[in-house]
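Report on one structure; see the data block that follows.
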Amino acid sequence: MRFLEYLEDKRYFLIFYIALIVFVTLMMFVTSDGDNQISNILYTNLGCTILAAIYLIGGYFYRNDFYKQLKGLTKIDHQRTFNLVFPKPQNHAQKFFITGFEKLQKGYMKELEHLHNERKDYQDFIMSWIHEVKLPITASRMLMKNSTDKTLGYVIDKLEDELNKIDHYVEQALYYSRIGSFSKDYFITEVSLNQIVKESVKKYSKLFIQKHIQLTIWDEEEFVQSDSKWLGFVIDQVVANALKYTEDGGAISFAFRSNNKEKQLFIKDTGIGIKPEDINRVFEKGFTGSLQRNHSKSTGMGLYLAKQIALKLGHNLSIQSEEGKYTQVTIHFPKISSYYFLES
């Protein structure tokens with residue numbers, strides 16, 4: 001900071017000082033008499049001016065170090081350095097502003113870290129997704145290459161299976177990319193839970209038939225407050241997961257229950273189950289339990305996406321399981337009053 005800039009900041013002090021000197025001079029001129037009147041006024045003004053100059057010059061050198069450090073911060077490349085060290089404040093006003101800047105910096109760093117983690121998670125998901133989607137593509141090419149002794153119906157049937165897998169992975173990627181702008185893309189209304197469940201079962205009907213899965217659905221039509229498209233995706237992920245880990249000849253059942261607080265949809269399978277140490281982690285991003293890893297490859301995104309979307313819809317997901325016996329996922333639908341607090 002230049003000295004003239006410092007004086008400009010002290011302009012109110014200078015105005016006050018000039019007014020004070022004029023007042024003192026007038027008072028001395030009016031109240032005193034004699035030969036030494038002028039010299040007394042001059043000495044008094046000169047002494048006051050010298051003291052004021054000492055105060056201003058001393059204050060400038062005292063403050064200048066603080067301003068030099070601040071100026072140094074403005075020259076730092078903030079695209080590479082975000083952890084700024086502010087100079088020690090010299091008064092309460094400086095302390096107030098520096099505290100505010102430090103809070104802003106911490107908030108900025110936290111948001112930057114959040115964005116960095118989101119970007120890393122997205123890159124990890126894309127890499128995992130690419131490897132997953134390449135499998136059915138490779139399988140389709142191998143099928144076409146080695147299908148000379150197969151019937152056309154068999155080849156078409158197998159190609160349809162691989163296309164369904166690709167469609168499932170593409171749908172996951174699409175919903176994953178849109179989850180950040182969820183608040184712009186949903187509409188809560190009363191929807192038929194039976195219809196959404198039946199559409200999901202129909203979507204995976206071929207797998208149900210191929211694996212001879214016994215299917216049980218409750219009879220009475222039930223309605224819940226939700227968005228049919230997003231809720232359908234949640235149920236699809238749970239059903240696809242159940243089919244993946246249920247052996248041939250197993251069973252998947254859908255049940256409905258209502259109480260004073262909420263409505264509940266139970267999706268239960270007789271699959272391989274989940275180990276007790278893994279049960280609390282199944283909704284984590286990218287997590288695949290040891291049993292699931294041994295059974296088949298997976299991105300670990302299906303239940304994570306289902307959980308996140310359910311929460312944004314105002315619902316919730318919980319899971320119970322016993323290794324080697326069953327897994328039951330419960331979708332909780334709170335009463336309509338809770339929908340005023342939907343997460344955006």
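In the stretch 308-344, how many residues are hydrophobic (A, V, I, L, M, F, W, C) and either modelled with pLDDT of 95 or more or not in a helix (DSSP H, G or I) (or both)?
In the first step, residues of the stretch 308-344 are kept if they are hydrophobic (A, V, I, L, M, F, W, C); the result is 309-311, 313, 317, 319, 329, 331, 333, 336, 341-342.
Restricting the remaining residues to those that are either modelled with pLDDT of 95 or more or not in a helix (DSSP H, G or I) (or both) gives 313, 317, 319, 329, 331, 333, 342.
Selection size over the stretch 308-344: 7.
Return yes when residue 189 is within 26 Å of residue 314 (Cβ to Cβ) and of a type in the set (Val, Ile, Thr) and no when it is not.
On the way: within 26 Å of residue 314 (Cβ to Cβ): yes; of a type in the set (Val, Ile, Thr): yes.
Taking the combined requirement at face value, the residue satisfies it.
Taking residue 249 as meeting all but one of (1) in contact with a helix residue (DSSP H, G or I) (Cβ under 8 Å, 6 or more places away or on another chain); (2) on the phi > 0 side of the Ramachandran plot, write down the number of the exception.
Every condition holds for residue 249 apart from (1).
Pairs only if they're at least six apart or on different chains, beta carbon under 9 angstrom, first in the stretch 132-152 and surrounded by 12 or more Cβ atoms within 10 Å (Cβ to Cβ), second assigned to a loop (DSSP other than H, G, I, E, B); list them, first residue then second.
Short answer, once both residue conditions are applied: 132/297; 132/298; 132/299; 135/297; 143/150.
Let's see how each residue does on (1) under 18 Å from residue 321 (Cα atoms); (2) touching a Pro at 6+ places or on another chain (Cβ under 9 Å); (3) without any contact (Cβ under 8 Å) to a residue 12 or more places away in the chain; (4) assigned to a strand (DSSP E or B):
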residue: 224; (1), (2), (3), (4): no, no, no, yes
residue: 231; (1), (2), (3), (4): no, no, no, no
residue: 238; (1), (2), (3), (4): yes, no, no, no
residue: 241; (1), (2), (3), (4): yes, no, no, no
residue: 257; (1), (2), (3), (4): no, no, yes, yes
residue: 266; (1), (2), (3), (4): yes, no, no, yes
residue: 276; (1), (2), (3), (4): yes, no, no, no
residue: 287; (1), (2), (3), (4): yes, no, no, no
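Just one of 110, 120, 103 is over 14 Å from the mean Cα position of the chain (by Cα) and at pLDDT 80 or above; which is it?
Testing whether each residue is over 14 Å from the mean Cα position of the chain (by Cα) and at pLDDT 80 or above leaves just 103.
Filter the stretch 237-274 down to residues that are acidic (Asp, Glu) and within 18 Å of residue 318 (Cβ to Cβ) and give me whichever is surrounded by the most Cβ atoms within 10 Å (Cβ to Cβ).
In the first step, residues of the stretch 237-274 are kept if they are acidic (Asp, Glu); the result is 247-248, 262, 269.
Pick out the ones that are also within 18 Å of residue 318 (Cβ to Cβ) and you get 262, 269.
Working: 262: 17, 269: 25.
By that ranking, first place goes to 269.
Can you name every residue in the stretch 189-222 that is part of a loop (DSSP other than H, G, I, E, B) and hydroxyl-bearing (Ser, Thr, Tyr)?
Within the stretch 189-222, the subset part of a loop (DSSP other than H, G, I, E, B) is 204, 211-213, 218-222.
Within the stretch 189-222, just 204 meets the criteria.
Mind checking whether some residue in the stretch 193-206 is under 25 Å from residue 285 (Cα atoms) and either small (Gly, Ala, Ser) or free of Cβ contacts under 8 Å to residues at least 12 places away in the same chain (or both)?
yes
The values are calculated or read from the model by the stated rules, or taken from the named source; none is laboratory data. Please read all numbers here as calculations on a predicted model, not as lab measurements. Positions of Cβ are generated from backbone atoms using ideal geometry, with glycine treated the same way; all protein chains shown enter the neighbour counts.
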